[in-house]
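Contents: one structure, followed by commentary.
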Amino acid sequence: MAFTEHLFDKDDIKALARERAAALKENRGFSDFPAFALGVVERRLAKDPLRYRDYGPYWWALKALLIESGREMGERDDPMVRATYQGETPADTIVMADEFRTRYLATQAVGTNQFILDGETGDTYTLEDEDMESLASA
């Protein structure tokens, strides 16, 4: 499967990451944007683990950052999707995941877990993280 959909311009993402980091520093006094943002994601998921789906193909890269920061998220992964949908820095990855989430919430029914990632074939990718699914059913 060729991954052609839901990708962002790297320069735009880097600019957004700088803007968000500066706004966080100015408004809250925090200088570690990735740590703060991952805390926000963690709190969202604590309320409803199935909301991992909000991040679509960016979930796997975001999950890896959560794990790297010491949060227990399980071991499931999709390395190929993660590699495609991650930024050059943690901040870039977080901003891309958040931008995807914003678009997702504006255009999809909450809980949707099927995404077209290959615009040429129209093949559907099903996002399913058993680690998160089991948290929701616990």
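To keep it simple, each residue is scored yes or no on (1) free of Cβ contacts under 8 Å to residues at least 60 places away in the same chain; (2) open to solvent by 20 Å² or more (accessible area, probe 1.4 Å).
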| site | (1), (2) |
| --- | --- |
| LEU38 | yes, no |
| GLU42 | yes, yes |
| TYR58 | yes, no |
| LYS63 | no, no |
| GLU68 | yes, yes |
| ALA97 | yes, no |
| ALA106 | yes, yes |
| GLY122 | yes, yes |
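Of everything in the stretch 85-95, what is open to solvent by 40 Å² or more (accessible area, probe 1.4 Å) and not in a helix (DSSP H, G or I)? Give them in sequence order.
Taking the stretch 85-95 first, the residues open to solvent by 40 Å² or more (accessible area, probe 1.4 Å) are 86, 88-90.
Scanning the stretch 85-95 gives GLN86, GLU88, THR89.
Scanning the stretch 58-100 for residues that are closer than 20 Å to ASP11 by Cα, in contact with a Leu (Cβ under 6 Å, 6 or more places away or on another chain) and hydrophobic (A, V, I, L, M, F, W, C) yields VAL95, ALA97.
Here PRO79 meets the list (1) touching a residue at least 60 places away in the same chain (Cβ under 8 Å); (2) surrounded by fewer than 18 Cβ atoms within 10 Å (Cβ to Cβ) almost entirely, failing just condition (1).
Return the residue satisfying two criteria in turn: it lies in the stretch 108-120 and is within 22 Å of ASP48 (Cα to Cα) and of a type outside the set (Phe, Trp, Tyr), and of such residues it is most open to solvent (accessible area, probe 1.4 Å). Walk me through it before giving the result.
Looking only at the stretch 108-120, we keep the residues that are within 22 Å of ASP48 (Cα to Cα), and these are 108-115.
Remaining after also requiring of a type outside the set (Phe, Trp, Tyr): 108-114.
Numbers: GLN108: 84, ALA109: 68, VAL110: 92, GLY111: 27, THR112: 36, ASN113: 34, GLN114: 107 Å².
The residue in question is GLN114.
The values are calculated or read from the model by the stated rules, or taken from the named source; none is laboratory data. These figures come from a predicted structure and were not determined experimentally. When we count neighbours, we look across all protein chains shown, and the Cβ atoms used for this are built from the backbone with ideal geometry, even at glycine. These area figures cover heavy atoms from the full protein model, side chains too; ligands, DNA and RNA do not enter into them. Shrake-Rupley method; radii C 1.70, N 1.55, O 1.52, S 1.80 Å.
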